[in-house]
1. Looking at region 15-34, can you tell me whether even one residue there is of a type in the set (D, E, K, R), touching a strand residue (DSSP E or B) at 6+ places or on another chain (Cβ under 8 Å) and on the phi < 0 side of the Ramachandran plot?
2. Scan Pro55, Pro8, Pro32, Pro72 and give me the residue that is in contact with a Pro (Cβ under 6 Å, 6 or more places away or on another chain) and modelled with pLDDT under 95.
3. Return the residue satisfying two criteria in turn: it lies in region 112-125 and is surrounded by 12 or more Cβ atoms within 10 Å (Cβ to Cβ) and more than 14 Å from the chain's Cα centre (by Cα), and of such residues it is modelled with the highest pLDDT.
Amino acid sequence: MNPTSLIPILVVEDSIEDFTALSRAFRKNAVPNPVLRCEDGDQALEYLQGYGKHPDWPSTLPVIVLLDLNMPGTDGRAVLDILKQDKALQSIPVIVFTTSANSRDVEECYRLGANSYLTKPIEYSALEEKVRLIVRYWLDASELPIAC
């Protein structure tokens, strides 16, 4: 068994419909990791910067973060910037997963330290394929740091 298989995947996504589709695609790809959702950037930072301290959150950091950019409150760019400047969190792979294909967004996210930038497809079958590629690369092929 892959040592990262029980470590949660964190999805930072304000749309319940998008999160539901993503969760379904992870299940279709037989991902054993729990898939957690933070509804906005503030909730994501609360979990990531305070993991293990709040009884409602897991006591481990996620193996990867799928981060939407355009959310109310603290947006994905700010979350990415904070994560990549925090020594305790900067090694967690952050995959920006958003509807924006704007080249300025892509450039800014990589400048801020994104490990990958993927656009969300509209059709579910294309979403399922993107999730399969995420799983294959990030969870099966990559050697990831094991945070506790």
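1. The first filter runs over region 15-34 and keeps only residues of a type in the set (D, E, K, R), leaving 17-18, 24, 27-28.
Now narrow it down to the ones that are touching a strand residue (DSSP E or B) at 6+ places or on another chain (Cβ under 8 Å): none.
Looking through region 15-34, none of the residues is of a type in the set (D, E, K, R), touching a strand residue (DSSP E or B) at 6+ places or on another chain (Cβ under 8 Å) and on the phi < 0 side of the Ramachandran plot.
2. On the way: Pro55 fails: in contact with a Pro (Cβ under 6 Å, 6 or more places away or on another chain); Pro32 fails: in contact with a Pro (Cβ under 6 Å, 6 or more places away or on another chain); Pro72 fails: in contact with a Pro (Cβ under 6 Å, 6 or more places away or on another chain).
Among Pro55, Pro8, Pro32, Pro72, only Pro8 is in contact with a Pro (Cβ under 6 Å, 6 or more places away or on another chain) and modelled with pLDDT under 95.
3. Leu112
The values are calculated or read from the model by the stated rules, or taken from the named source; none is laboratory data. All values reported here derive from a predicted model rather than from experimental measurement. Cβ sites come from the backbone with ideal geometry, for glycine too, and all protein chains shown count toward neighbours.
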